[in-house]
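Encoded as structure tokens, the structure appears first; notes follow it.
The values are calculated or read from the model by the stated rules, or taken from the named source; none is laboratory data. These numbers were taken from a predicted model, which means no experiment stands behind them. FYI the Cβ positions are ideal-geometry reconstructions off the backbone, even for glycines, and counts take in every protein chain you see.
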Amino acid sequence: MRIDAHQHFWNYTPGMDWITDDMSVIRKDFFPADLLPLLQENDIDGCIAVQVDQTDQETKYLLQLAATYDFIKSVVGWIDLKAPDIISQLEMYQHYPALKGFRHILQSEPPEYMLQKDFLRGIGALQTTGFTYDILVYPHHLSAVDELIKRFPNQPFVIDHLAKPYISTHDIDGWKKDMQRISAYENVYCKVSGMLTEANWKQWRQSDLMPYLDVVAEAFGTKRLLFGSDWPVCLVAGSYQDTVTIVQEYFSGDELTDVMGENAIRFYNL
């Protein structure tokens, strides 16, 4: 089964201020009916819907979509990991089999946020209740990410978008060292996603991406990499087909099968 392990749905509102003027192509609604033809055209059997809004309503909205559309195989929602009643909230969510994990927009927080005592308590609660955690950060967060994940060797983590390396400026060395160090933790996976939006939106080439793919393929191995389109965010720099082509031109055979679905099935327990 081929799985897109990272995409989004939303009902666009002006309050989504992270969608800046130069991203006007995605200033509109994106619903399951918009994604389904793209999945079918690329022989992809299902997808994982990931949160964009940091509210409980967002999680419930995605769960409603997953209950309606069988090609939405699972949901990565949002929860306040710092909540005093985090355990009881997670126990409630255990009754929703489509909900596999959670994410916070850590890229918008200072690195030390993820090392606060109450946040760490929340990550520990995920571990005890069986949920995964998507780590969305920039390269300057990676030292803190290393500190976070070493405390939870049994918690399934996945790095979103290769930790957003500086592809547009071809800056690789610091990010490379950090990703190599983090990859040593076998409970940590990495999503091959979001690369187009870190490259030059108008002039990117496959060759711009190759050094970064080389790093994660060598560091994590092809059993811990997951394909994700990051649709519709990817549309600011390329098409859905472009995101698939990047992976299909780099990997082949059993490695491609793993990256395009088998690893997502295992990580998210689909």
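Listed values, structure above:
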| read-out | value |
| --- | --- |
| Count of the stretch 213-261 residues which are touching a residue at least 60 places away in the same chain (Cβ under 8 Å) and either in a loop (DSSP other than H, G, I, E, B) or out of contact with any strand residue (DSSP E or B) (no Cβ under 7 Å at 6 or more places or on another chain) (or both) | 9 |
| Subset of the stretch 80-100 [within 21 Å of Lys117 (Cα to Cα), assigned to a loop (DSSP other than H, G, I, E, B) and either touching a Cys at 6+ places or on another chain (Cβ under 8 Å) or not small (Gly, Ala, Ser) (or both)] | Asp80, Leu81, Lys82, Pro84, Asp85 |
| Tally, over the stretch 88-104, of residues that are surrounded by 15 or more Cβ atoms within 10 Å (Cβ to Cβ) and in contact (Cβ under 8 Å) with a residue 12 or more places away in the chain | 10 |
| Near pairs, Cβ below 9 angstrom, 6+ apart or cross-chain, from the stretch 152-168 (on the phi < 0 side of the Ramachandran plot) to any residue that is crowded, with 20+ Cβ neighbours inside 10 Å and modelled with pLDDT under 95 | none |
| Total residues in the stretch 128-139, condition crowded, with 16+ Cβ neighbours inside 10 Å and either part of a helix (DSSP H, G or I) or without any contact (Cβ under 8 Å) to a residue 40 or more places away in the chain (or both) | 6 |
| Scope the stretch 36-59; condition more than 20 Å from Asn269 (Cα to Cα) and more than 17 Å from the chain's Cα centre (by Cα); matching residues | Leu36, Pro37, Leu38, Leu39, Gln40, Glu41, Asn42, Asp43, Thr55, Asp56, Gln57 |
